[in-house]
1. Near residue 63, within a Cβ-to-Cβ distance under 15 Å, what is the net charge of the other residues, with Lys and Arg +1 and Asp and Glu -1?
2. Of the chymotrypsin sites (Phe, Trp or Tyr not before Pro) in the range 75-171, which ones lie in a loop per DSSP and count no more than 14 other C-beta atoms within 10 Å?
3. Need one number: nm distance between label points at residue 105 and residue 49, each 7 Å from Cα along Cα→Cβ, rounded to one decimal.
4. Give me the percent of Cα-Cα pairs in the range 34-154 that sit more than 19 Å apart, rounded to a whole number.
5. If you average 1/r across every pair of different Cα atoms in the range 1-97 and take the reciprocal, what Kirkwood value do you get, in Å?
6. Please work out the Cα center distance from the range 92-153 to the range 65-80, rounded to the nearest Å.
7. With contacts defined as alpha carbon pairs under 8 Å and 6 or more residues apart, what's the relative contact order of the range 8-140 in percent?
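Please treat every number below as a calculation from the coordinates, not as lab data. This is a predicted model, so every value here is computed, not measured. Note that each Cβ is placed from the backbone with ideal geometry, even for glycine, and that neighbours are counted across all protein chains shown.
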Amino acid sequence: MVRDGSVTSFRIVSVDHYMHKPEPRFDSCYSEFRGSDVRQVPVVRLFGSTADGTHSCVHIHGVFPYLYVPYDGATGDSLAVDRLMYQIAGSLDKAINVSLGNANSAATHVFRIALVKGIPIYGYHRKEHQFFKIFLYNPYFIRKASNLLMNGVIMSRVFQTYETHVPYILQFFIDYNLYGMSLMNVPTAAVQARGDGEGQLAKMSTSEYEVDILAVDILNRATMEEEKRSPYANPGIASIWNDEQARRRLLEMDQPEALSLSQSGKVEIVTESDRFYRSLLAAKIASEGRPNRSDPDDSKRMKPPVSFLPSEAAEDEPLLDASCVQDHKNFTQQASFDQSNTTYN
């Protein structure tokens, strides 16, 4: 744990998660979107060693697993958008309960759905498109929800899902700009220790230092732009180099020479066999992409199904960015529109 007075840093060694009853001080206890109480929430648990050798356990609240599906409608009618989101949520809840063998269960699995905008990962797109960002309670149901959406079970429609292949912990690392064995920085005022004292949560681990934080308080996202200008090709190793430099300064050793990211180029030798197979590949690509002029419907069949394509988002449309990190505990439906132009770092 590194402190400079206002910031506390934890070394990331091991990370997992668990499901737990929501804690009012840190978790969302009521889903405004669903209009019901929250029974269980995911909590990310981080184990690490501090700079002074103290073993730490950090409980990180407010990290809900999510996936995206395209939205191909207009946003002008907010009631129609809300109606579709509620229909998807209700249909997903029912389908997941049926798949678990509890067809009569009223359990909810969708925390909320938000309309966002982003660049689709499939194909080439110059403009941002509209998506529904579906937040679930349990990370283990992401793959099940994805299969139900893609198989046409939900509302008798086939939805192309996005980012369902990304594991929950990796998704958390990406969103908050974290790397294994690097430092997670949090404002000291946002860190609440566990213990036996009055008003403190009971410790769950044998770690000497055990704390709770909110995910939105993690400061690492603020360094994303700075890391783009980093001399290291992989920002994840920056902290390792910083530790090595600190060690050398302590031992009064010379600092390592700066590494060059560029490599000396070599002259490419193109063989006759290489030319032959490249020409075959070029001919194959040309023949596959050329429409059949004798079939007037051939060009139509080459286009992907319209139901898989999200609508383009207007430049002045007040939608949240798809990568936006929100404060789920203090979230309100109205805030999703009021904060649509806010950048969360």
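1. Values: positive: 45, 112, 133, 221, 329; negative: 16, 23, 27, 163, 175, 212, 217, 327.
That works out to -3.
2. Numbers: sites: 86, 111, 122, 124, 131, 132, 135, 137, 140, 141, 159, 162, 168; in loops: 122, 124, 137, 159.
Filter output for the range 75-171: 122, 124.
3. Result: 4.1 nm between the two label points.
4. Details: 4181 of 7260 pairs.
Result: 58 percent of Cα pairs exceed 19 Å.
5. Numbers: mean 1/r = 0.0591 Å⁻¹.
Radius from the Kirkwood sum: 16.9 Å.
6. 12 Å
7. Details: 211 pairs, mean separation 31.4, N = 133.
Relative CO of the range 8-140 lands at 24 percent.
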